[in-house]
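The values are calculated or read from the model by the stated rules, or taken from the named source; none is laboratory data. All of these numbers come straight from a predicted model, not from anything done at the bench. Here the Cβ positions follow ideal geometry from the backbone for every residue, glycine too, while neighbour counts run over all protein chains shown. To get the accessible areas, we keep the full protein, side chains included, count just its heavy atoms, and leave off ligands, DNA and RNA. Shrake-Rupley method; radii C 1.70, N 1.55, O 1.52, S 1.80 Å.
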Amino acid sequence: MDAKTKKILIVDDEHSVVAYLNALLKDNGYETLTASNGKEGYTKAVSEHPDLILLDITMPEESGVRMFRKIQENAETAGIPVFIVTGISHDFKGFIESRKQMGKPAAYFDKPVKKEELLVKIREVLQ
């Protein structure tokens with residue numbers, strides 16, 4: 001399948017992170033959408049049905065944790081893989097994975113993101 005047909009939603013309140021990921025993904029043939037908080041991100045996930053979501057955790061208005069839970073609870077969006085991209089420590093991974101009401105994200109990436117690792121994992125998940 002052609003990478004250009006794959007749409008990735010980037011949800012992060014840090015403009016520099018969004019700009020970096022947006023450029024990286026476009027340079028590698030992906031279509032991108034962006035949102036600056038969980039509320040906007042969830043709305044775009046429902047309306048645009050991206051193939052993958054890159055989700056920050058600490059954001060104003062609505063956290064990434066809440067958005068992740070809402071995505072999983074909605075039958076229309078539950079199948080969309082989510083990568084957690086955050087500056088929060090590994091303790092957070094344990095917290096998310098201990099939540100019985102939530103599934104596990106497809107991957108975790110610490111900021112700053114290592115671009116080769118991210119691209120390899122995206123290709124793997126979107127195949």
(Q) Here are the criteria: (1) out of contact with any Phe, Trp or Tyr (no Cβ under 7 Å at 6 or more places or on another chain); (2) of a type outside the set (A, V, I, L, M); (3) more than 17 Å from Lys111 (Cα to Cα); (4) at pLDDT 95 or above. Tell me which single one Asn22 does not satisfy. (A) (3)
(Q) Against the condition open to solvent by 80 Å² or more (accessible area, probe 1.4 Å), modelled with pLDDT of 85 or more and either outside any loop (DSSP other than H, G, I, E, B) or within 23 Å of Val17 (Cβ to Cβ) (or both), how does Pro112 come out, does it pass? (A) yes
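Can you name the helices (runs of 4 or more DSSP H) wholly within segment 1-79 that have at least 3 residues being open to solvent by 40 Å² or more (accessible area, probe 1.4 Å) and closer than 20 Å to Val113 by Cα? If you could, list the steps in order and put the result at the bottom.
Values: elements: 15-27, 38-48, 64-73.
The qualifying helices (runs of 4 or more DSSP H) are 15-27.
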Q. If you check Ala78 against the conditions, is it over 13 Å from Asp12 (Cβ atoms) and either among the hydrophobic types (A, V, I, L, M, F, W, C) or at pLDDT 90 or above (or both)?
A. yes
